[in-house]
Amino acid sequence: MGDPVTIMDVAKAAGVSPATVTHALNGKRPVSEMTRKRVLAAVESLGYVPSWNASRMKSRSSGIIGCLAADITETFVNQIVRGIEQGLSGGQHSLFFVSGIEFGNDLKKAYHFLKSHKVEGILFCHHLPIWKEFNLDTQNSDIPIVSVNMDTPGMISVIPDNTTGGYQAAEHLYGCGMRHPAMICGPEDRLSVQDRLQGFSSRVTELQMQMPTLRYYGGYDYDHGFEAAAELMRDNPETDGIFCANDYIAAGCIAGLQKMGYEVPSQVRVVGFDNRDFSSFWNVPITTFELPLQEMGILGVSILKQVISTGSYAKTKHVLQSKLIPRQSSRG
């Protein structure tokens, strides 16, 4: 490989001074449109990547935003990080990502590792109640933190509206003919599960329908959906609409119903959540909700950059809507 392209190379190719290149790229001082175009053309042709290290050293800031996730293999993390990258594109900040798995699932250790690298702010991308694992005193912290995908007390949070999602699931199933509703929940300690249940139950009550008191809590997985469907239909054979806390549960539920001889959706309608990759080509394509994951990442990093810039940290909650995706599993 050859030597890296420098600002001197760009200046020479554009026929301007290195200072003019800097002004054209950061916009802090005016340059003519013709000059700016020459500089950008030189940047493009040479493949120059600006380094912000010098200016950051002068201001004693690193130009790095940290991102901490419990597990990078989670689909939701991939999508959120993609949104964060979009939010950082073309700006003066770089992303430093760590996963809890790198630290033996010790999120506190991962957090302090990020702080030791002088990041200017941290984005937590997670679905776990991390404040229960270690104390995050954001009010007295020397670094701003934004929580993405989890409503965290005392912290700026960017979250999906799971309550409204549950409400819309009941509305949709009712419109498809459901009159005897039920829900198969996921883990009882997940706030997303509780919020989806709350929204679903609220609309069911408004529609003057009854649902089983047993909540069928369990794992966020296929096996739980399969087993819970058998238990649900054994105890409540009149059930004709089931809201599942995620798509894995919905897939297992559909398979369980089919094994028992029920037809989906003509006899029992099923709705999932999260819009997993397999949902559209399951043997009965699953009606589901698509989370605004990339939008959450974009908004989260935008808020964090604003906090870094202004020094003002307000403990606010930003709620984004999920999108209903109707498919065959609910259409009777």
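From its DSSP helices (H runs of at least four residues, each -39,500 (n - 2.57)), the chain gives a residue-normalised ellipticity at 222 nm of -13000 deg cm²/dmol.
For log10 I(q)/I(0) by the Debye sum over Cα atoms at q = 0.07, 0.08, 0.11 Å⁻¹, the choices are (1) -0.33, -0.43, -0.80; (2) -0.47, -0.59, -0.93; (3) -0.40, -0.50, -0.78; which was calculated from the structure? Given (1) -0.33, -0.43, -0.80; (2) -0.47, -0.59, -0.93; (3) -0.40, -0.50, -0.78, the structure-derived one carries the label (3). FRET efficiency for the R234 to K317 pair, using the beta carbon distance and R₀ = 35 Å, is estimated at 0.30. Springs between Cα atoms under 10 Å define the GNM used for the chain, and in it the highest mean-square fluctuation of S147, S322, S266 occurs at S266.
Can you classify region 146-239 as rounded, prolate or oblate using the Cα gyration tensor, where a ≥ b ≥ c are the square roots of its eigenvalues, rounded means a/c under 1.5, and otherwise it's prolate if a/b beats b/c and oblate if not? Oblate, since a/c reaches 1.5 and b/c is not below a/b.
How high is the FRET efficiency between T73 and E33 when r is their beta carbon distance and R₀ equals 56 Å, given to the nearest 0.05? FRET efficiency, T73 to E33: 0.75. A simple rule links phi to the HN-Hα coupling: the Karplus curve 6.51 cos²θ - 1.76 cosθ + 1.60 with θ = phi - 60°, which for region 229-235 gives 4, 5, 5, 4, 6, 5, 8 Hz, with x for Gly and Pro.
Between L207 and D106, the simple spin-label model (points 7 angstrom out along Cα→Cβ) gives 4.9 nm. Mind checking which aspartates and glutamates have their Cα closer than 14 Å to the Cα of K315? Skip sequence neighbours fewer than 8 apart in that chain. Correct list for K315: D137, D151. Note on the chain: GNM, Cα springs under 10 Å; of F273, F76, F96, the largest mean-square fluctuation is that of F96.
Summed over the residues of the chain and divided among them, the accessible surface reaches 49 Å² per residue at a probe radius of 1.4 Å. In this simple spin-label model, placing a label point 7 Å from the Cα along the Cα-to-Cβ direction at both L214 and L40 gives a separation of 6.4 nm.
The values are calculated or read from the model by the stated rules, or taken from the named source; none is laboratory data. Given the structure is predicted, the values throughout are model-derived calculations rather than measurements. Because the Cβ atoms are built from the backbone with ideal geometry, glycine has one as well, and the counts that use them run over all protein chains shown. With ligands, DNA and RNA removed, areas are computed over all heavy atoms of the protein, side chains included. Shrake-Rupley method; radii C 1.70, N 1.55, O 1.52, S 1.80 Å.
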